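Since the structure comes first, as structure tokens, the remarks are kept for the end.
The values are calculated or read from the model by the stated rules, or taken from the named source; none is laboratory data. Note that this is a predicted model, so its numbers are computed, not measured. Cβ atoms come from the backbone with ideal geometry, glycine included; neighbour counts cover every protein chain shown. Calculation scope for accessible area: heavy atoms of the full protein, side chains included, ligands and nucleic acids excluded. Shrake-Rupley method; radii C 1.70, N 1.55, O 1.52, S 1.80 Å.
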Amino acid sequence: MRVYPDASFLVSWLYSADVNNGRARRWFGTHQTDDWIISDWSWFESVNALRALCLATGGPRRDLVEGLRRYFKHLLYVGPFALERIDWDEVLKDANQISAAFAARQRARAADTLHVAILEQVQPDIFVSGDGDQIALAVARGFNAVQF
């Protein structure tokens, strides 16, 4: 099975102090033999979100986040994650279509819309996220999406 995780899942899975780390780890544990695909967007959004945690009171130190970034990058080389290249021109066209179809009737933040547009290209068997609005958008677009 091909699994496409969003940044909310990846941050929770990578950062042990995240409130959802246990849930993300358990969900991954039941799917660890699946094919995990990452896009440039999920990579960037995850690393950027980890860095933003440094600004929170009691957040991680920058060197810890840099270590998590390097670990995540290592996992793209040795597994379980594989970077899937996407056509950004197509992603932006699809994102505009998704926005036109859904943004006036349900929450469709730009970052969420990009993930759903990427699903059009990578065609995962399942999309996993911690964001209910993003899951609703993916399901509305016809994808199998679950909250971890």
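Every test in (1) under 23 Å from Gln134 (Cβ atoms); (2) touching a Phe, Trp or Tyr at 6+ places or on another chain (Cβ under 8 Å) is passed by Pro60 save one, and that test is (1).
If you go through segment 63-83 and keep only what is farther than 16 Å from Pro124 by Cβ, in contact with a Phe, Trp or Tyr (Cβ under 7 Å, 6 or more places away or on another chain) and crowded, with 18+ Cβ neighbours inside 10 Å, you end up with just Leu68. Residues that are acidic (Asp, Glu) and within 14 Å of the chain's Cα centre (by Cα) were ranked within segment 112-148; the one that is most open to solvent (accessible area, probe 1.4 Å) is Asp133. Taking the conditions (1) in contact with a Pro (Cβ under 6 Å, 6 or more places away or on another chain); (2) open to solvent by less than 30 Å² (accessible area, probe 1.4 Å) in turn, Leu53 satisfies each one other than (2). Reported count of residues in segment 84-109, each being open to solvent by 90 Å² or more (accessible area, probe 1.4 Å) and in contact with a helix residue (DSSP H, G or I) (Cβ under 7 Å, 6 or more places away or on another chain), is 1.
Checked against (1) aliphatic (A, V, I, L, M); (2) closer than 20 Å to Ser12 by Cα; (3) touching a Lys or Arg at 6+ places or on another chain (Cβ under 9 Å), Val128 passes all but a single condition, namely (3). Hey, among Arg105, Arg69, Arg109, Arg25, which residue is within 15 Å of the chain's Cα centre (by Cα), at pLDDT below 95 and among the basic types (Lys, Arg)? On inspection, the qualifying residue turns out to be Arg109. Out of Ser39, Ser8, Ser46, one residue alone is within 18 Å of Asn144 (Cβ to Cβ), open to solvent by less than 20 Å² (accessible area, probe 1.4 Å) and of a type in the set (Gly, Ala, Ser). It is Ser39.
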